[in-house]
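This report concerns only the one structure given below.
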């Protein structure tokens, strides 16, 4: 990933495609793999709430409480992201960030020391694979590295909840 590579990896939810979220060329490559238009933003993972300060212009105080209280993985869309690849931000400058506590993705973010893109490992418009065995060969062949961890896990985790948290602590539920 430090050299612009794309990985296929298990996250705290479903299997994902990942790369350095600060590398525009790598992010664009994920859009190509997913055959997805680049105006549809992707989310990123970080390993701690402390990282939010470096990647969001203003972190609403409520974000910390929501992340701490959430019983399942929670992606928060913030109004103004910063220090990301330009193609990763929404048209309005927003960015979806999830603080991951799952063992592998947490360690990946911790050791990489940068946010990691996390988007479902499927071609856009096709069903989201819930475990490794459901990932299409086309996706597996397109990445630079496939993580071996949890490939035999047949569980079917759900995607994260998604909320948009705007100035004044205005909350919009995108996906429960």
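None of the figures in this text is laboratory data; all of them are computed from the coordinates on show. Since the model is a prediction, treat every value here as computed from it, not as a measurement. Positions of Cβ are backbone-derived with ideal geometry, glycine not excepted, and every protein chain shown enters the neighbour counts.
Can you sort 9, 149, 31, 78 by how many other beta carbons sit within 10 Å, fewest first?
Fewest-to-most ranking of 9, 149, 31, 78: 149, 31, 78, 9.
On a 0 to 90 degree scale, rounded to 10, what angle separates helix 24-34 from the longest Cα axis of the chain?
Compared with the principal axis, the helix lies near 60 degrees.
List the residues of region 29-50 whose backbone N lies under 15 Å from a point placed 7 Å from the Cα of residue 112 along the Cα-to-Cβ direction.
Under 15 Å, as judged by backbone N against the label point of residue 112, lie 29-31, 42-48 of region 29-50.
Compute the length gained on full extension between residue 25 and residue 57: take 0.36 nm times their separation in residues and subtract their Cα-Cα distance, giving the result in nm to one decimal.
Gain on stretching residue 25 to residue 57: 9.2 nm.
From the P(r) of region 49-156, can you give the percent of Cα pairs sitting at distances over 17 Å? Intermediate results must be reported in sequence, preceding the final value.
Numbers: 3635 of 5778 pairs.
That fraction is 63 percent.
If I fit a long axis through the Cα atoms of helix 103-112 and take the longest principal axis of the Cα atoms of the chain, what angle between them do I get, 0 to 90°, rounded to 10?
Taking the Cα atoms of the chain, the angle to 103-112 is about 80 degrees.
Determine the distance separating the Cα centre of region 143-168 from the Cα centre of region 1-39; give it in Å without decimals.
Comparing the Cα centres of region 143-168 and region 1-39, I get a distance of 13 Å.
Which order do peptides 105-112, 118-125 fall in by mean Cβ count within 10 Å, highest first?
Most protected by this proxy first, the peptides run 118-125, 105-112.
Taking only DSSP H segments of four or more residues, each worth -39500 (n - 2.57), what value at 222 nm results for the chain once the sum is divided by all its residues, to the nearest 500 deg cm²/dmol?
Numbers: 5 runs with 40 residues, N = 176.
Computed ellipticity for the chain at 222 nm equals -6000 deg cm²/dmol.
Among 173, 7, 77, rank each residue by its count of other Cβ atoms within 10 Å, from fewest to most, as a rough exposure measure.
Values: 173 9, 7 17, 77 20.
Ascending number of Cβ neighbours within 10 Å: 173, 7, 77.
Would you mind telling me the antiparallel percentage of the DSSP bridges in region 7-170, rounded to 5?
60
Can you give the FRET efficiency to the nearest 0.05 for residue 144 and residue 101, using r as the Cβ-Cβ distance and R₀ = 22 Å?
0.25
Among 75, 172, rank each residue by its count of other Cβ atoms within 10 Å, from fewest to most, as a rough exposure measure. The partial results should precede the final answer.
Values: 75 22, 172 10.
So the ranking, lowest neighbour count to highest, is 172, 75.
Tell me, what is the FRET efficiency for residue 133 and residue 64 to the nearest 0.05, using R0 = 22 angstrom and their Cβ-Cβ distance as r?
It comes out at approximately 0.05.
Run the simple label-point estimate for residue 48 and residue 154 please: 7 Å along Cα→C-beta, distance reported in nm.
3.9
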